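Some notes on the structure that comes next.
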Amino acid sequence: MIRINDDITLEDWELTESFMRSSGPGGQNVNKVSTAVELRFEAARSPNLPPDVKARLKRLAGRRWTKDGAIIITAEKHRLQSRNREEAEAKLVALIRQALIRPKRRIKTRPTLASKRRRLEGKKQRSQVKALRGKVGDE
């Protein structure tokens, strides 16, 4: 069981771990020991997450979100399986905590009269500079 905050905890049935060999350099140990962790969280079926959090989680997860509504997180940074397991769980907790934050609604504002004037003055100056770049006539 993983605790996200006071209200949300993830049950054991929602998480599935599988272990595989890590990629990259590491000598003979890398070919013998399955230290990399693939953590699968059944996000769409989770009764502990509200629908709005699930929607934000899907957007944040991106390619890690599967078609059947699971999030797959891999960790292979460390040489120990236990450290990789902790890292994968920490990544999942951080992702869910980020999805818990409700984004603030943007309040539309109109540009001030002074900012409109500054913008138009800048446009006039730039057009004048570009106009003066033309060919010099015979005078």
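Here are the numbers for this structure:
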| item | result |
| --- | --- |
| C-alpha long axis of helix 113-131 to longest principal axis of the chain, angle in ° | 70 |
| Peptides ranked, highest mean first, by Cβ atoms within 10 Å: ranges 36-46, 50-60, 84-94, 126-136 | 36-46, 84-94, 50-60, 126-136 |
| Derived scalar couplings ³J(HN,Hα) [the stretch 81-98; Karplus, 6.51 cos²θ - 1.76 cosθ + 1.60; whole Hz; x for Gly, Pro] | 4, 5, 5, 5, 4, 4, 5, 5, 5, 5, 4, 5, 4, 5, 5, 5, 5, 5 |
| Vicinal HN-Hα couplings computed from phi for the stretch 52-61 (Karplus, 6.51 cos²θ - 1.76 cosθ + 1.60; Hz; Gly/Pro x) | 5, 5, 4, 5, 5, 5, 5, 5, 6, 5 |
| Anisotropy class of the stretch 88-139 from Cα gyration tensor, a/c 1.5 cut | oblate |
| Extension gain (nm, one decimal) between residue 94 and residue 113, 0.36 nm per residue minus Cα-Cα | 2.5 nm |
| Difference of contour (0.36 nm per residue) and Cα-Cα distance, residue 32 to residue 130 | 28.6 nm |
| Residue 79-residue 55 FRET efficiency (beta carbon distance; Förster radius 41 Å; 0.05 resolution) | 0.65 |
| Pairs beyond 29 Å (Cα-Cα), from 32/67; 58/116; 77/104; 67/91 | 32/67; 58/116; 77/104 |
| Packing rank of 113-119, 97-103, where each peptide gets the mean count of other beta carbons within 10 Å, highest leading | 97-103, 113-119 |
| Options (1) 0.96; (2) 1.18; (3) 1.86 - which one matches Cα Rg over 2.2 N^0.38 Å as calculated here | (3) |
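None of the figures in this text is laboratory data; all of them are computed from the coordinates on show. Quick caveat, the model's predicted, so the values are computed rather than measured. Please note: Cβ atoms are built from the backbone with ideal geometry, for glycine as well, and neighbour counts cover all protein chains shown.
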